[in-house]
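Every number here is computed from the coordinates shown, using simple stated rules; none is lab data. These numbers come from a predicted model, not from an experiment. Cβ sites come from the backbone with ideal geometry, for glycine too, and all protein chains shown count toward neighbours.
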Ligand SMILES: [Zn+2]
Ligand SMILES: [Zn+2]
């Protein structure tokens, strides 16, 4: 039937994790994202029937983490940016390493990871491609992290799939703009929550706090996500002149980012920021850092693994030190345990933390009001809300100008 649109969420509509959705147009079947919920062990979306193409907005595991699993069943072609392809590959390989060290099974092999890497058909923002006989897909910057894009499908109707997006500029990428459409698939990570302050104010209050910590003779430990947040924070710190040490997978991610300057707001600024920082590659370096650093920037952002735990093991008892969280802490994460209860789980053993703990909201997502404003300016007839554990908070405000749908995982909807 001409002009028919059918969707099925395979996961991630009522949670911020394991996003996957099949969109069926007249003569093409598309899979948008195939993410995981990165727990121990991770959870995966439902398995799709074969599709013609996979469309991937960005590398974060809640969007890309299950992609190798698709290749354990049949070959696919993935439309995404080259940068996203490389970062996703790094994260997929790391997922296998983590599974091994944590002792749980993972449902794909290193061979599947390699196949996924080679299946990437690179695309760039402001380009378009044919989709079957009746549709085209356009690519727009999403403003979320370097290489992130939104997909606009143009046929009988205009359809926009946002993935994660941000409308305000950060140090690392520029914010995105609304795209007029008929049907809007909208992420809702920050549904019901607005960012408490403007970017510059958050940066200033974090730098003020670091100053306080360093002045009293302590070390500021900044746990940060390896993908984009570490680099963003490195750029904020560049203006400060502190003795900064950088550890973890963020170093590799930085190298990939710098290979694709077109996806960065200011590649030169990022390069300069990283050049000023001491890179840690070994246990010896870690020891040195705890003696010499004023600031330690390290993964993982949620403190569930990575070098941050070995630093915390050494630095947690000294009240002069401080942990400055730079990202939202999902419930049940180690960072949330630290923020709520001043405790940390060291590979199965919970211990008390005496140093100061603070949170700075360096989010890469549109906040609640920005989500509503973005959606309104897209002027859609229908909005399909996804990727949110609080969709109810958005239904009211969005219903004032569009029909709002909140499908459940597994449900098939004809639009
Ligand atoms: Zn993301
Ligand atoms: Zn996400």
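Structure values in brief
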| read-out | value |
| --- | --- |
| Percent of beta bridges antiparallel (DSSP, the chain, rounded to nearest 5) | 45 percent |
| Antiparallel bridge percentage (DSSP; both residues within the range 14-154; nearest 5) | 65 percent |
| Amide N of the range 371-415 lying under 19 Å from the label point, which is placed 7 angstrom from the Cα of residue 339 along Cα→Cβ | 388-391 |
| Footprinting exposure proxy for 290, 189 (fewest neighbouring C-beta atoms within 10 Å first) | 290, 189 |
| Principal-axis tilt of helix 283-292 within the chain, Cα atoms, nearest 10 degrees | 60 degrees |
| Per-residue [θ]222 nm for the chain (sum of -39500 (n - 2.57) over DSSP H runs n ≥ 4, rounded to 500) | -9000 deg cm²/dmol |
| Value of Rg to Rh for the range 330-415 (Rh from inverse mean 1/r over Cα pairs, i.e. Kirkwood) | 1.16 |
| Stokes-Einstein D (µm²/s) once Rh is taken as the Kirkwood radius of the chain over alpha-carbon pairs, at 25 °C in 0.890 mPa s | 112 µm²/s |
| Extension gain, residue 268 back to residue 111 (0.36 nm per residue minus Cα-Cα distance, nm) | 52.9 nm |
| Potential lengthening between residue 169 and residue 239 on full extension [0.36 nm per residue; Cα-Cα distance subtracted] | 23.5 nm |
| 0 to 90° range, to nearest 10: angle between helix 199-215 axis and the chain longest Cα axis | 20 degrees |
| Footprinting exposure proxy for 214, 308 (fewest neighbouring C-beta atoms within 10 Å first) | 214, 308 |
| Residue order, fewest to most beta carbons within 10 Å, for 246, 339 | 339, 246 |
| Spin-label proximity, residue 27 to the range 131-162 - amide N less than 14 Å from point 7 Å beyond Cα toward beta carbon | 131-136, 156 |
| Pairwise label distance in nanometres, residue 352 with residue 194, each label 7 Å out on the Cα-Cβ vector | 4.0 nm |
| DSSP-defined beta bridges in the range 199-359 - what % are antiparallel, rounded to 5 | 20 percent |
| Between 0 and 90°, nearest 10: helix 250-259 axis offset from the chain longest Cα axis | 50 degrees |
